[in-house]
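Asker: I have a structure here, written as structure tokens, and I will follow up with some questions on it.
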Amino acid sequence: NWSGSLIVASLTGAFGSSFLYGYNLSVVNAPAGYIKKFYNETWERRYGFSVDEGTLTLLWSITVSIFAIGGLVGAIIVTPIVKFFGRKCTLVLNNVFAVAAALLMSLSLLAGSFEMLILGRIIMGVDAGISLSALPMYLSEISPKEIRGSLGQVTAIFICIGVFTGQVLGLPEIFGQESRWPFLFGAIIVPSLIQVVILPFLPESPRYLLLEKHDTSKAEKAFQRFLGKDDVSREIEEVLAESRVQRNTKLVSITELLRTRAVRWQITTVVVTMGCYQLCGLNAIWYYTNNIFSESGINHETIPYVTLSTGAVETLAAVFSGLVIERLGRRPLLIGGFGLMTVFFAVLTVSLTLQNTVHWLPYLSIVCILAIIASFCIGPGGIPFVLTGEFFQQSQRPAAFMIAGTVNWLSNFAVGLLFPFIQAGLQTYCFLVFAGICFAGATYLFFVLPETKNKTFHEISQAFAKRNKVTLEMQEMNHYPEERKSSEEQESNFTSSVDNGETRKGTV
């Protein structure tokens, strides 16, 4: 089932999209001291006096967290973009934002303007907001249901690889020096250019071509390339069956989706998983790893290398998750991941509180942080994106990803902006906040989340139908009461298109 085109599409799409998201989570960590010094020098040159500590902390928090505001903008505008341009073309065009952001951030020191760095972070966030919706949408629509979970985990794996790469390039031996930190941001151009060169030669999403562009011939060719076989009649019919159930493929707006009773629990579950994905504390660790290790009593010279271990652990855990997700399923990995994080956050709190009494406790803190990262990447790190693609029909998917993206980025912004102040206020007890969030998420998912492994989109809708207290027939009638078509009429239309030569008899 893993054809060459499918592998290349997933790797190229992820390298220029989710990789950059992960990279920009960690890239600000290593040069934080140098960038703050740059802020202070710029402020003093302009106003004749040094910036006070509180203002500097606020400026730095804004620099870190403004990335999420850009992500929110990207998540909001992604629906009309993927509708008009398609999934693949959206990923290609999105690189304009990445290149613009890289130039602004890498030239900020030369220009003596910290505003350029902040603006670049916003624009890079727009790129991430678009890609984190368009990429899972693309991957879920080009993959067979038997490997949809594994392919969806490519998003999480490349986020972790991006984080790890940011940590490696931030080492003192590479770009982690005062004169070289702008190169950390200039490196963003490389994955963008690779994606622009390769992705245009790969097919568009066949489901998008068939259901939204009504181009049966191109959809069939896309299926053949992605699946690596000539006979794709079963896949075409599976998509057309969904089309007949839906009655039409008119895209649903966010308002319509929120008012649809038949998907209320799907929306609630996506909101909970995306909220917990960001609020569980991993972004706080990624953004402020050096500061956390410093507070744990780790020697300053060894912190960059200890930080490097976090990136290695999360990458290995994400790869492990991708290998076992189709065997174990989404549900146990997601619930187990949040449950283990709850335990390790509690142990980390105890370790940080008592670290001055026992000499080896700082090392226990390191182990706990690595265990938290591994627990996150095994399940919560990528499965929320997979579930968002699986829970909704074709016409609902763009609106659903916009809702998920909005929750994702608002939560990301809150953690990035507030964590330094939470840490200052609660001291070593700050991680109990994240432990409570992880426990609440695991509890909710235990009682609500069905297993979606190896199920069609129609079967997943059936799994939620009872909880939503509607039949599937009522569910589809509620979607489009004013534009219902009989299945006989649709089948007649499709047969007519076949007779006109748009597709082969074998496909029907």
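The values are calculated or read from the model by the stated rules, or taken from the named source; none is laboratory data. None of the values given here were measured: they were computed from a predicted structure. Ideal geometry is used to build each Cβ from the backbone, glycine not excepted, and the neighbour counts take in all protein chains shown. Side chains included, ligands, DNA and RNA excluded: accessible areas come from the protein's heavy atoms. Shrake-Rupley method; radii C 1.70, N 1.55, O 1.52, S 1.80 Å.
Asker: Relative to the present Cα-Cα distance, how much length would full extension add between E451 and N299 at 0.36 nm per residue of separation?
Answerer: Going from the current span to full extension adds 50.2 nm.
Asker: I would also like to ask the following. Say a paramagnetic label sat at a point 7 Å from the Cα of E146, along Cα to Cβ; which residues of the stretch 211-226 have their backbone N under 18 Å from it?
Answerer: 223-226
Asker: Taking 4 °C and 1.567 mPa s as the conditions, I'd like the Stokes-Einstein D for the chain in µm²/s, using the Kirkwood hydrodynamic radius from alpha carbon pairs.
Answerer: Estimated via Stokes-Einstein, D reaches 55 µm²/s.
Asker: Additional query: Would you calculate a helix-derived [θ] at 222 nm for the chain, using -39,500 (n - 2.57) for each DSSP H run of n ≥ 4 and dividing by the full residue count, to the nearest 500?
Answerer: Counting only the DSSP helices, I get -24500 deg cm²/dmol.
Asker: Further question: Counting only protein heavy atoms, what percent of the accessible surface of the stretch 250-473 is carbon or sulfur at a 1.4 Å probe?
Answerer: 69
Asker: Counting only protein heavy atoms and using a 1.4 Å probe, what share of the accessible area of the stretch 1-202 belongs to carbon plus sulfur, as a whole percent?
Answerer: 73
Asker: Taking only the Cα atoms of the stretch 1-202, how large is their convex hull per residue, in Å³?
Answerer: Looking at the stretch 1-202, the number lands at 113 Å³ per residue.
Asker: Figure the gain on full extension for L56 and V190 (residue separation times 0.36 nm, minus the Cα-Cα span) and round it to one decimal in nm.
Answerer: Length difference between fully extended and current span is 45.1 nm.
Asker: On a 0 to 90 degree scale, rounded to 10, what angle separates helix 216-227 from the longest Cα axis of the chain?
Answerer: The helix 216-227 is inclined about 50 degrees to the chain.
Asker: With every protein chain present, what is the per residue accessible area of the chain (1.4 Å probe, Å²)?
Answerer: Per residue, the chain has an accessible area of 39 Å².
Asker: Among V154, L93, Q462, pick out the residue whose Cα is farthest towards the positive end of the charge dipole of the chain, where Lys and Arg carry +1 and Asp and Glu carry -1 on C-beta, about the Cα centre.
Answerer: Result: Q462.
Asker: Another question about this same structure. For a 30 Å ceiling on Cα separation, which of these pairs sit above it: K229/K466; K218/K466; K83/K455; K36/K88; K218/K453; K88/K466?
Answerer: As for pairs spanning more than 30 Å Cα to Cα, those are K229/K466; K218/K466; K36/K88; K88/K466.
Asker: Right, here's the next one. By average Cβ neighbour count within 10 Å, what is the ranking of 435-443, 299-307 from highest down?
Answerer: Highest-to-lowest ranking by the protection proxy: 435-443, 299-307.
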